[in-house]
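Right, one structure below, let's go through it.
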Amino acid sequence: MPQPTARILYKFLLVVLATGFSLVANAQLTERYSTINILPMQNLFYAVDSMYHPDTVPPRFQQYHPLFRNEVAFLSQGNIVSASQSLIFNAERESGLDIGLQQPYSYFLFSPQNINMYKVRRAYTDLVYTQGAGELIGIKALHTQNIQPNWNIGIDYNRIKSDGFQLRQRTSVYNTRFFNWYHSRDERYHLIITATWNRLRNEENGGLKSDSAFENSTALSQFPVRLGDDIDKVRNYIKTNDYRITNMLRLGPKKQVKYYQPEAMTYELDTQQTLIPTYVVAHQFAYNTNRYLFRDDSYDTNTYYPYTFLNDERTFDSIQHNVISNSITISNGPFMGYLRDTLPVKRWLMLSATGGYDYHFIAWQTTTNARYNNTYVGGSISSNPYIAAAVKFNAEGRFWLTGYNQADYKLKGRLDIDFGAFVLEGGALFQAYRPQITQYFFVGNHAYWKNDFDKTFVNTLSATLRTERLKNNYHLTFKQQLVNNYIYFDSTLTARQEAKAVIITSVNFKKRFQAGKFFLDNNITAQFTNNEDILRLPALSTWNSLYFQSYMFKKAMYAQIGVDFFYYSQVTANTFDPETKQFYIQNKVDIGNYPWFDVFINGHVRNFTLSAKMEHVTAGFFGRRYYAMPHQPMHGRVFRLGISWKFFD
């Protein structure tokens, strides 16, 4: 029997479907999409105002799950929103102090950075709804509108809940973001205000008590798990709030400039004066609060936790992390002045310099707390994106002067050489960072440590051969990562630092093949490491999608019918500790070497998209050793339904 929330949403879905097709018939899709302009906020720091339009047909719409959409291979606890870890290794880390508690849930939390700004002629709303077995409900809603031509506001909302398929596996997350973008009519001054809230609440079951009971059963029943009981659940909570104010001032003259008119193939003088930004000065203030709570009120007879330090009857681990940040960025614009005939002169190089200060306050549930004052400087240099050139490049760096991350650095660069038929891309990363706070220090009811680790050093080189000239492009990437002082958690959940260098070599191939209206998308990764004892990675991971794609019903509907395939080779994968929120080594269970198939159909009518999918359609065909993580089974064969509806008024 569905829960009340599910019944209400199901009725809402029927109303939407009943009224929707009569409305979309009158939509002028092409014209209305052209009125929606999206600009990544980061571009404003460089006065690069190139905007793009949203996709008319949502790509891979059948993949509602962020991990299946973005990762080739990953570990998870078997339910959406649960803790996860990519099986494609990447040693790069964000600069600065990292507490190390959000990474397992990062795909399900709104980031306060890399936000898109909008300019719309009409109010724009994008609704996405997903429903399926396991009481899965997913709702996404984006609404934005321009109050004035130079003032846009919007709200982005995401809600996911699922009961899962095993005992005590319920997950839930709310994400909300408000954004405001105002600029003067001449675009000299810009004000951006954002507020981001995340609320995550997950039950933890510790995995199955007996894998063999699950593997040898043909029933759909639930099996005993290692944590919690029917009365007292074990839960993880994450609550984050982020508020940011960004002020930007563009410096440069205002003149009448000439614009190219393609119809007449001539330059004409604009009747109004235009600001050509030669420099941009930006200041950003941010206030961020994060609370992490692990609660276990159940009685444990020392079957799961090896140690207890604070309370024998219940566990209530709480960590608070507050951050106040200020940063200033100065950059030059893509133009440097004018010729005598008032044509803008483009710069060859784009430069920026930045400096910032972060104050961190961290408090544990005991009287222990810590304060850090981090300061840093950085900069970037790149070729001008407005200049067509055979050689393009960008490089950026950051160095930490004081605080917890003193002497940390990050240098990253890329060089693209266009040979006409293909592009050769080279990349490099050199980074040094201090351990995450939870690798350095942790205090909880069942875990305690204080370590004195050295910095981790990362050197990465990559080369990519790609084409953008063919109808169906390809990417072939070779990458080698060398990590010194790599930190990991061993089978006793003890943090260790490896003295020897760890080398990870990978090859990734992406290609779309086409035969008429049939398509085959491929994303294949092979990776190897010189130390499999501490870094457990599948040698081969692949995602492939075979589908038929065409207009149907006299071009009234654009449809995709196909099958998705996921696979990674056998690996003695890590497992997860819910209290410390860390993945750690285990040596008893192998997972992987299991083919996963989904069958789907997507139908797109103007601004309305409907998707129906049978997930894990071959469940049971290859045995029941299908695990998302050791002791955490994947779900069986289930049906999912999703819709996307865009409104332009």
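You can think of it this way: the chain between Y237 and E468 has 78.7 nm of extra reach, that is 0.36 nm per residue less the Cα-Cα gap. Taking label points 7 Å from Cα along the Cα-to-Cβ direction, T218 and D452 give a separation of 6.2 nm.
Once C-alpha pairs closer than 8 Å and six or more residues apart are averaged by separation and normalised to the residue number of segment 442-550, the relative contact order reads 19 percent.
Which order do the peptides 551-563, 135-147 take when ranked by the mean count of other beta-carbon atoms within 10 Å per residue, highest first? Numbers along the way, then the final one.
Numbers: 551-563: 13.8, 135-147: 17.8.
Highest to lowest by the protection proxy: 135-147, 551-563.
To the nearest ten degrees, helix 4-24 and the longest principal axis of the Cα atoms of the chain are 30 degrees apart. Magnitude of the charge dipole for segment 183-261, about its Cα centre and with charges confined to Cβ atoms of Lys, Arg (+1) and Asp, Glu (-1), is about 1100 debye.
The apolar share of the surface of the chain, taken as the fraction of accessible area on carbon and sulfur atoms (1.4 Å probe, ligands and nucleic acids excluded), comes to 57 percent. Working value for segment 481-593: equivalent-ellipsoid semi-axes of 40, 17, 12 Å, each the square root of 5 times a Cα gyration tensor eigenvalue, largest first.
Taking all Cα pairs closer than 8 Å and separated by 6 or more residues, the relative contact order of the chain comes to 12 percent.
Descending by average beta-carbon neighbour count within 10 Å, the peptides 223-234, 623-634 line up as 623-634, 223-234, the highest first.
Translational diffusion coefficient, Stokes-Einstein: compute it for segment 384-495 using the Kirkwood radius over C-alpha pairs as Rh, at 20 °C and 1.002 mPa s, and state it as an integer in µm² s⁻¹. Result for D is 124 µm²/s. Looking at the chain, the accessible area is 48 square angstrom per residue; that uses a 1.4 Å probe and ignores ligands, DNA and RNA.
Among I192, G132, L101, whose Cα projects farthest towards the positive end of the dipole of segment 97-215, with charges put on the beta-carbon of Lys, Arg (+1) and Asp, Glu (-1)? Highest projection toward the positive end goes to I192. For the chain, a simple Cβ point-charge model (Lys and Arg +1, Asp and Glu -1, everything else neutral) yields a dipole of about 1700 debye relative to the Cα centre.
In this rough spin-label picture, where each label sits 7 Å from Cα along the Cβ direction, the Q514-F565 distance is 2.1 nm.
Go ahead and run the numbers for FRET between A123 and R185, Cβ-Cβ distance against an R0 of 22 Å, rounding to 0.05. The value I calculate is 0.55. Based on the Stokes-Einstein relation at 4 °C and a viscosity of 1.567 mPa s, and on the Kirkwood radius from alpha carbon pairs, the chain is assigned a translational diffusion coefficient of 47 µm²/s. Averaging the sequence gap over all C-alpha pairs within less than 8 Å and six or more residues apart, then dividing by the number of residues, gives segment 320-477 a relative contact order of 14 percent. Helical content alone sets the calculated 222 nm signal of the chain at -1500 deg cm²/dmol, taking -39,500 (n - 2.57) per DSSP H segment of four or more residues and averaging over every residue. Given labels modelled 7 Å from the Cα in the Cβ direction, how far is it in nm from A195 to T368? Label at A195, label at T368, 3.4 nm between them.
Projecting the Cα positions of L39, S172, S210 onto the charge dipole of the chain (unit charges on Cβ atoms of Lys, Arg, Asp and Glu, taken about the Cα centre) puts L39 furthest along the positive direction.
The values are calculated or read from the model by the stated rules, or taken from the named source; none is laboratory data. In this text, all values refer to a predicted model and were calculated from it rather than measured experimentally. Note that each Cβ is placed from the backbone with ideal geometry, even for glycine, and that neighbours are counted across all protein chains shown. For the accessible areas, the whole protein counts, side chains as well, though only heavy atoms, and no ligand, DNA or RNA atoms are used. Shrake-Rupley method; radii C 1.70, N 1.55, O 1.52, S 1.80 Å.
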